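What follows is a set of notes on a single structure, which appears directly below.
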Amino acid sequence: MPLRDDSWVSPADRRELEAIFEVTSALDEGSKGTRLGHMLAAHPGKAVVFTEFVPTLEHLERICRNHGISYSLFSGELSRAEKDAAIARFRDDARVLLSTGAGGEGRNLQFADTIVNFDLPWNPMKIEQRVGRVHRIGQTRDVFVFNFCQQGTVEEQLLRVLHDKINMFELVVGEMDAILGTLDDSRDFAEIVMDLWIAGRESGQVERAFEELAQRLLEAKKQHVQVQELDESLFARDFEV
């Protein structure tokens, strides 16, 4: 029976499988770690490095130590006082903040200018949330976003769809949510990605499966733009009256 059949995969099992596939596609201690170390060592500003996994933080710590990079550590497992101290250290002393997704919630990091997604969440809203911690009101510099991914992984396909096809990183905050809301699918976006990846691997047509997803998103984006233009037109008429 194919793994994408929801009749035997419970929501809890699906989330666990999603996490397993994400881990296997995200962790490569050789090439990704080496490239990250060189990039951070050469970067003069402050950078936030995000990962979805607490164990990966240990790997990121070793990278920073090996390259002589000062860092602060942030995760959801810290107490509130420890979180405040970690952010303060990053603001005042450290060049890099190593953070799980919890660092993307409720913290303003506009004193940084660079975001590194060491692993890419399958939900675009999580990516937007990460970027929003740095690229927000009060930011006076250009913000750079670097996405690390392995060739031949689900991350590569997802990045191709989000970056190359719909230009996600050029959208304003909130637009991605509106586009996904226009997408005619009741499933969570991460679930859609996992189903496509598994089905594509089984059929040998991964790129075709994600190309079809890209076309669906482009159509959803087009509908969003049309609705936005209509709203602006109606608002302009009300204002004139």
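Looking at region 165-181, which of the residues that are touching a residue at least 40 places away in the same chain (Cβ under 8 Å) and among the β-branched types (Val, Ile, Thr) is surrounded by the fewest Cβ atoms within 10 Å (Cβ to Cβ)? That would be 173. Restricting to region 137-162, and then to whatever is of a type in the set (S, T, N, Q) and touching a helix residue (DSSP H, G or I) at 6+ places or on another chain (Cβ under 9 Å), can you tell me which residue is modelled with the lowest pLDDT? Per the criteria, the residue is 150. Of the residues 129, 150, the single one that is surrounded by fewer than 21 Cβ atoms within 10 Å (Cβ to Cβ) and closer than 21 Å to residue 224 by Cβ is 129.
Here is a yes/no grid of residues against (1) at pLDDT below 90; (2) more than 15 Å from the chain's Cα centre (by Cα); (3) polar (S, T, N, Q); (4) assigned by TED's automatic domain parsing to the domain that holds residue 116:
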{"position": "171", "(1), (2), (3), (4)": "yes, no, no, no"}
{"position": "176", "(1), (2), (3), (4)": "yes, no, no, no"}
{"position": "185", "(1), (2), (3), (4)": "yes, yes, no, no"}
{"position": "200", "(1), (2), (3), (4)": "no, yes, no, no"}
{"position": "209", "(1), (2), (3), (4)": "no, yes, no, no"}
{"position": "216", "(1), (2), (3), (4)": "no, yes, no, no"}
{"position": "219", "(1), (2), (3), (4)": "no, yes, no, no"}
{"position": "224", "(1), (2), (3), (4)": "yes, yes, no, no"}
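Looking at region 155-164, is at least one residue part of a helix (DSSP H, G or I), touching a residue at least 60 places away in the same chain (Cβ under 8 Å) and farther than 19 Å from residue 50 by Cα? Checked against the condition, which is being part of a helix (DSSP H, G or I), touching a residue at least 60 places away in the same chain (Cβ under 8 Å) and farther than 19 Å from residue 50 by Cα, region 155-164 yields no hits at all.
So, of the residues in region 101-118 that are over 14 Å from residue 46 (Cα atoms) and at pLDDT 90 or above, which turns out to be farthest from the chain's Cα centre (by Cα)?
118
Determine, yes or no, whether residue 234 is surrounded by fewer than 19 Cβ atoms within 10 Å (Cβ to Cβ) and more than 20 Å from the chain's Cα centre (by Cα). Taking the combined requirement at face value, the residue satisfies it. Take the conditions (1) touching a residue at least 60 places away in the same chain (Cβ under 8 Å); (2) surrounded by fewer than 16 Cβ atoms within 10 Å (Cβ to Cβ); residue 81 misses just one of them, which is (1).
The values are calculated or read from the model by the stated rules, or taken from the named source; none is laboratory data. Bear in mind the structure is a predicted one, so any value in this text is a computation, not a measurement. All Cβ positions, even for glycine, are placed from backbone atoms using ideal geometry, and neighbour counts span all protein chains on display.
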